[in-house]
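For reference, the structure discussed in these notes is given below.
The values are calculated or read from the model by the stated rules, or taken from the named source; none is laboratory data. Remember, predicted model here, so these are calculated numbers, not experimental data. Cβ placement follows ideal geometry from the backbone for every residue including glycine, while neighbour counts extend to all protein chains displayed.
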Amino acid sequence: MSRPPRERIIETARDLFRKHGLRGVGVDAIAEAAGTNKMTLYRHFGSKDELIAACLTEAGCEALREWDEWEAEFADDPMKLLHEWISCALSCAIEDPRGCDIANAAVEITEPEHPARKVIEHFKTEYRNRLARLCRQAGVKDAELLADALTLLVEGARVSWQSVGAKGPGARFVEISEAIVAAFARQAQLSADMNVSANI
């Protein structure tokens, strides 16, 4: 059974946007590649801007579903999940030369009222908040600061891989990330030891 037109349009649009950029492909090309017509596309989305927002929403939801799977798998060991996040972030950045759909869209879309802007802000904020929650669960001191550091590091690493390739600074993403996590973990342990000493 063939998939509904809306699903075909989103899948096709995501593929074309990734290959040619959001500005580099029009609705006619998307409709044709999806095996439908422009009238059907506009009936489901209203405009190209709304289609872009729908594509980014789908990409964001996929990432959150993957995060939910990680949490279920490593529910008893948050620190291990934090290290898994670092490895997965590396794999995503290396395996996909186009980088993150949502980050790329944030660069391309400059209009503040574009419907995709709220989608971008929502998912990027949600990823960062989930990372902060994970850091807290792992017992890291200053979890918010660590989450911000890792977020900035992975976003920068993606740009590095896209601009100068795998031999650039992004190649040291895991090494740097692990060092940062270890430093924060040591700080938490020192604080715990000091509290124990103070109570003796």
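Descriptive notes on the structure:
- The single residue among ARG43, ARG23, ARG6, ARG65 that is basic (Lys, Arg) and within 30 Å of ALA171 (Cβ to Cβ) turns out to be ARG65.
- Cβ pairs under 6 Å, 6+ apart, first in the stretch 118-134 and over 16 Å from ASP148 (Cβ atoms), second of a type in the set (S, T, N, Q) and crowded, with 16+ Cβ neighbours inside 10 Å: VAL119/THR57
- Criterion violated by GLY139 - all others in (1) touching a residue at least 12 places away in the same chain (Cβ under 8 Å); (2) in contact with a Ser or Thr (Cβ under 6 Å, 6 or more places away or on another chain); (3) not charged (D, E, K, R) satisfied: (2)
- Considering the conditions (1) in the same structural domain as LEU131 (by TED's automatic domain parsing); (2) more than 25 Å from ASP148 (Cβ to Cβ), ILE9 is excluded by exactly one of them, (1).
Results for (1) surrounded by 17 or more Cβ atoms within 10 Å (Cβ to Cβ); (2) at pLDDT 95 or above, shown as yes or no for each residue.
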position	(1), (2)
ALA34	yes, yes
TYR42	no, yes
PHE74	yes, no
ILE94	no, no
ASP101	yes, no
GLU108	no, no
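- Residues that are without any contact (Cβ under 8 Å) to a residue 24 or more places away in the chain and in contact with a helix residue (DSSP H, G or I) (Cβ under 8 Å, 6 or more places away or on another chain) within the stretch 25-53 comprise VAL25, GLY26, ASP28, ALA29, ILE30, ALA31, ALA33, ASN37, LYS38, TYR42, LYS48, listed in sequence order.
- Any hit, the stretch 92-104, residues being under 16 Å from the mean Cα position of the chain (by Cα), within 18 Å of VAL174 (Cβ to Cβ) and of a type in the set (Gly, Ala, Ser): yes
- Total residues in the stretch 138-150, condition surrounded by 17 or more Cβ atoms within 10 Å (Cβ to Cβ) and part of a helix (DSSP H, G or I): 5
- Filter result (of a type in the set (Lys, Arg) and modelled with pLDDT of 90 or more) within the stretch 116-164: ARG117, LYS118, LYS124, ARG128, ARG130, ARG133, ARG136
- A single entry from ILE109, ILE86, ILE52, ILE102 fulfils the requirement of being β-branched (Val, Ile, Thr) and outside the structural domain of GLU178 (by TED's automatic domain parsing): ILE52.
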